[in-house]
1. Those residues that are in contact (Cβ under 8 Å) with a residue 40 or more places away in the chain and part of a helix (DSSP H, G or I), I need them from the stretch 158-178; list them, please.
2. Pick out the one residue from 74, 69 that is modelled with pLDDT under 85, of a type in the set (Lys, Arg) and not assigned by TED's automatic domain parsing to the domain that holds residue 183.
3. Considering only the stretch 159-177, state which residues are at pLDDT 90 or above and crowded, with 18+ Cβ neighbours inside 10 Å.
4. Name the single residue, out of those in the stretch 46-65 being part of a helix (DSSP H, G or I) and among the small types (Gly, Ala, Ser), that is farthest from residue 95 (Cα to Cα).
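The values are calculated or read from the model by the stated rules, or taken from the named source; none is laboratory data. Just so you know, these numbers come straight off a predicted model, no measurement behind them. Backbone-built Cβ (ideal geometry, glycine too); neighbour counts: all protein chains shown.
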Amino acid sequence: MLRNPVLFELKSLPWAAEGAPETEETLQMDQESFRALYEQTARPIWVFLLRRTGDESQADDLLQETYYRFLRIRRNYSDAAHRRNYLFRIASNLANDAYRRGADSRHAEPVESLADRTAGTAGQGHATTDLARAMKALKPRQREALWLAYAEGSTHEEIAEILGLKKSSIKPLLFRARAKLASLLRGGEGRSPS
């Protein structure tokens, strides 16, 4: 799982050093605030990226790019949840871009080995492998919505914000994703509502 994600020092970025002239790229938060945000959000975002890409190294790279982009964007956040949702949205967009470029298929580790490593017992290993394989068969947006709803506990409103969708489309998206996942787990072809 999360090996040792890179937590880079903000001061090491050329446009963030003390005494550097203020530019459009000046950071929106100080080192301590960033460290607290990173400690609260890095693991869930990394796991989300790992589930999307199937590759630990690519998840590491995308995680770092997520925070880099987050720090460069000048934006006001109403609260910590809004900041967290925006980080997930950036991560989701980066994973989508990587998927379109085909980067995750070049480096993707087989789903079974990821599941086997995280399974506690042999019996759980098959169930975990089946679930991982079924999740991989879903469309990326369905996978993201299910992960955010059930692994991260995000509300429909938060999922809509992260995925860039209307709130009213989340309930049907989750319904179709759950139906397809259930069909895949039962050994069907997953041709339930998509």
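1. 158, 161, 162, 163
2. Of the residues listed, the single one that is modelled with pLDDT under 85, of a type in the set (Lys, Arg) and not assigned by TED's automatic domain parsing to the domain that holds residue 183 is 74.
3. Result: 159, 160, 170, 173, 174, 177.
4. Here the residue is 57.
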